[in-house]
Each structure stands twice: as structure tokens, then as C-alpha cells.
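First the structure, in the form of C-alpha cells, and then the observations on it.
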Amino acid sequence: MPHYLSRAELERVVPAEQGAFAGPIPTQVVSNGEFNPPPQTREQREVEARVRALADQLGPRHGLSRRRFLASSAGMAAAFLAMNEVFGPLFDVSRAEAQVPGAADARAEKLAGQFIIDVQTHFVRDDFKQEGLLGLAKYAKEHWNPALAAENDLARFKFENYVKEIFVDNDTKIALLSDAPFDDSTWDLLSNDQIAAARAAINRIAGSRRLLAHSVFTPKKAGWLAEVDRCIASVKPDSWKGYTIGDPLFPSKLQSYWRLDDEKLMYPFYEKIVKAGSPTVCVHKGLLPADYEKSWPGVWQYNTVWDVGKAAKDWPQINFVIYHSALRLFLESPAAAMAEFEQTGRIKWATDLAEIPAKFGVSNVYGEIGTSFATCAVANPALAAALVGTLVRGLGTDRVLWGSDSVWYGSPQWQIEALRRLEIPAEMRKKHGFAPLGPADGLVKTAIFSANAARLYGVQTRTALGAITNDRIAAIRAAYVAGGGTRSNARYGYVHRATA
């Protein structure tokens, strides 16, 4: 995948599919290339060791090898047991799910029909030629692991694997396909037309509305408003995607960064999309590299939420969806970030986002939790609880959206299970005024998983579920499971290189 990691930073990471433990839940932070993955912590190493031990102990009870056990519902439960043993009881899981054959499967089958809309997913076009996408794997083969295979294979990031990972290997029902802009157009993962073509293809194959589509807008680039007009007329996006930082890989030499509240630049765009009836604007915020003040001087501020409040107040007709919830993720260690929250009650940049409705008197600002929730959940689940609690308290239960940022991370089932099982500790709720998240299919988690996105995208839940349950993708998934198909537990991205 694309990345903005320097050569020195690349020397400290390895491809996740080669360097990460293939367990049900990642046991170290996986970067999507937009931030530096921190080293595996002592707690994460302990979780990994416990998961391995549980797999060896419990796999035979289920008549499964270690690999098959780790890909099963019981293996997923065992992983959350290990997480609770190390981090404290943050996840709702019983020992019986891991130990008793059929117990975890019964729970999984009960929740398999849950309506889940993933509002951040990706794959690359078939003719993507940018060598940097696989440069890390090639470097790893040359310098670290001569036996590394498929270092030239882009299939893991392409359409066929996307369909498998997003719709077959997990409980996602509807996904939104996204992209990112680059100063160098050869880095573009998909064009706006290709995103729309993928939407048409998947929905035609499925016989239902399975895929939604972004169109990317690029303020300051020549002809960008003409492209908006073209997309409105022929592409007909379900919503719009932009990066106020400009090029997400490098500080833009073209000065392509911009502000949401730039009246001269942006307000004509808002007029167009409101008139067209597609008034949802999704904006990448947060997730800068650890040395952002040095490596992105004069630019990094554009990745904060400094411009959201005024734009939202001036344009109440528009839904402003802030991707990654603006989390300034792991610029310190997870422990340091959690310690700061415990001391101040704040999570950098994410708390700023959550405070916008109260400060500006608006109700059209949303937080999407892709990558941010995933990274917190595997590094420090208490921080994940604090993040979701902060967003729900500030934005409201009806303004937090589910996203996984996959296919970069492989099947998002573990992320789904993490939110299904997560609960904010009682002491944290009392101290910070957080409400309980409740059961997997309760009101709060149902709102996050699907109800909020359904409202934004005009999805009638009952009608959509009826169609999806009986469509061709559902039939493919049923045949896959009946034939013994399981999750690969593969992750696609970067993890910190292990050291002796």
C-alpha cells in the first residue's frame, strides 16, 4: 500500500503479512502506511504468548490444528480471553466460548445477521503500477528475508481479495469504497470512475446494494470543480472524500492542503453538492507520523479539526464525517497516551473533535473510527474504550460511524468482534461521564455499526437486510463456510520490526 515512511523508518518495519502473528486479533499495531507503527509492547507479547498457549491447549478439544483453531470462532474467543487476562476485563467473553465445542459458533451464528455498514474500505486498480506499493516487501527480501515470497504480488490489494475479505470472511453487509488524492497521479489507487464501476459490478453481481462509492475531490488542483460537476452528472457518488492535508504521503510541494472553512475555495463546492442531493463530506484527519512537527512543518495543522466547527455551522445542510476521528495516534507510546487521558481526560485531537457540537452549536459533525479504534484495541483496549466513550459523549450516539480501513488490514471481523465485546469500565464511566456501550446488538453499538450510516446513505435497514440475506454474495459466503472456508487472519500493512 502507499506509505510516507522514510527509508530510515522502513528499516524499522516489516510487512505485516510476514512479520505479524496470524492470530484472530493482531498482537501489535499494524500501520496502513499513514503512520509509524510502534514496537510490540510487553503486554502485546504476553497476549500473543497466551493466545498461542490457548490454541495448543484448546485446539485438540475442538479437533482442530492450531491454525484452524485460531481461524475459528472459539479461537477468536480465546484471543479476547487473553486480552482480558493482560489488560483487564474490557471485553465480554466467557471461557466456555473458547473451551466448549459449539459455544462460540452459537454466539457467532446469532450475531452473523447483524447489520454492519463499513464506511471506509479500499482496494487498488488492476493496472496499478506504482512500485512503492510493494517496495517494502522487496526491500525486506533483499535485506532481511531472502525466502520472502510474492514480493511482487499485488493481488492481496485487488478486487478479488477485497470481495473475499470484506464480504465473505466477516459480517459486513454494506461497504463504502474510498480512495485518496496524491500530487503524483500515478499513486492514485482508483479513479472516481473506477470506484463507481466497482460499485456497479459488485451490486450487479450481488443483486443487492452491497457497495457505496466515494468520489474524491481535490481543492486547489486545476479543474477540480469541473471534476465535481462531472461526478455529480455521471458518477453520482454516495458521498465525497477529501484530504485537507493535501497529499497524504508527503508534505505537498504543490501546497495542495486546504481548510474546510475556506469560504472562497470550498463554499462553492458545498453549494454544488447540496443542490445535487449528495451532502456528505468525508475528510481524513489525524494519523500523522511521530515527528509531524518536524517532517510536516507548516502543514500538519491542516490535519487537525481547526476548520471543522465554522464550516459545520455555516453549512448545516452538510454532514461532515471526520475519518479516524482525528486521532493523533501513537505519537507517544500507548501507555503515555492512556496516562495522559487518565490525567487530563483528553485524547489529543479526538477530544477536540468531540467538543465541536457543544462549542459551535452544531449537530452535523460525525466521527468515523477506522484505524483509530483498531490500533487502540490492540495496543491498549482501555484507550479504545476511552476513545469511543469520548466520541459518544461529545458527538452523540447518533454521530459515530463504523469503519475498518480494510482491505489493508485483512478481514475486519476481529475489529467487529472487538467493538461487539468492548465495554467501558465502570470506574472510567463514573469519572468521565461516559455512558455504557451495552451489548453487541444493543442501541449504542447498533447505531455505530449501521443505523447512523444507514441514515446518511438512505439505506432502509429492514429492506436492505432482506435483500442482502438472499443475494448472491450471501450464497457465496454460505457455500464458502459449508466447504470449510475460514479467515486467513492475514494483515496487510506494516508492523514494527522485532529486535533481539
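The values are calculated or read from the model by the stated rules, or taken from the named source; none is laboratory data. What you are looking at is a predicted structure, and each value in this text was computed from that prediction instead of being measured. Backbone-built Cβ (ideal geometry, glycine too); neighbour counts: all protein chains shown. For the accessible areas, the whole protein counts, side chains as well, though only heavy atoms, and no ligand, DNA or RNA atoms are used. Shrake-Rupley method; radii C 1.70, N 1.55, O 1.52, S 1.80 Å.
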Distances longer than 30 Å among the Cα atoms of the stretch 298-457: what percent of all pairs is that? 10
Multiplying the sequence separation of ALA201 and GLU340 by 0.36 nm and subtracting their Cα-Cα distance, what value in nm do you get? 45.4 nm
In what sequence, largest accessible area first, do ARG42, ARG420 appear using a 1.4 Å probe? ARG42, ARG420
Solvent-accessible area per residue for the stretch 199-351 at a 1.4 Å probe radius, Å²? 39
Where nothing but the Cβ of Lys and Arg (+1) and of Asp and Glu (-1) is charged, how large is the charge dipole of the stretch 163-244 around its Cα centre, in debye to the nearest 20? 360
Given pairs LYS110/LYS173; LYS313/LYS359; LYS158/LYS236; LYS313/LYS445; LYS221/LYS275; LYS220/LYS264 and cut-off 18 Å on Cα-Cα distance, the over-length ones are LYS158/LYS236; LYS313/LYS445; LYS221/LYS275
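Going from the alpha-carbon gyration tensor of the stretch 366-448, what semi-axes, largest first and in whole Å, does one get by taking the root of 5 times each eigenvalue? Don't skip to the end; give the middle numbers.
Details: eigenvalues 78, 36, 27 Å².
Those come to 20, 13, 12 Å.
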Starting from the stretch 305-375, pick out the chymotrypsin sites (Phe, Trp or Tyr not before Pro) whose DSSP state is loop and whose Cβ has at most 11 other Cβ atoms within 10 Å. none
Carbon plus sulfur, as percent of the 1.4 Å-probe accessible area of the stretch 172-273, comes to 56
Do any trypsin sites (Lys or Arg not before Pro) in the stretch 200-302 lie in a DSSP loop with no more than 16 other beta carbon atoms within 10 Å, and if so, which? LYS220, LYS221, LYS253
Taking 7 Å along the Cα-to-C-beta vector as the label spot, tell me the GLU109-TRP306 distance in nanometres, rounded to one decimal. 5.6
Can you sort ASP291, ASP171 by solvent-accessible area, 1.4 Å probe, largest first? ASP291, ASP171
Using a cut-off of 15 Å between beta-carbons, work out the net charge of the residues near LEU401 (Lys and Arg +1, Asp and Glu -1, LEU401 not included). +1
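What are the equivalent ellipsoid semi-axes of the stretch 250-382, built from the alpha-carbon gyration tensor (square roots of five times its eigenvalues), in whole angstrom, biggest first?
Details: eigenvalues 149, 66, 32 Å².
They are 27, 18, 13 Å, listed largest first.
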Listed by chain and number, the residues whose amide H is under 5 Å from that of SER406, excluding neighbours fewer than 5 places away on the same chain and using placed H, are HIS122
Sorting check: for 453-461, 81-89, which peptide has the highest mean count of neighbouring beta carbons within 10 Å, and how do the rest follow? 81-89, 453-461
FRET E, pair GLU271, ASP92, Förster distance 51 Å, beta-carbon r, rounded to 0.05: 0.65
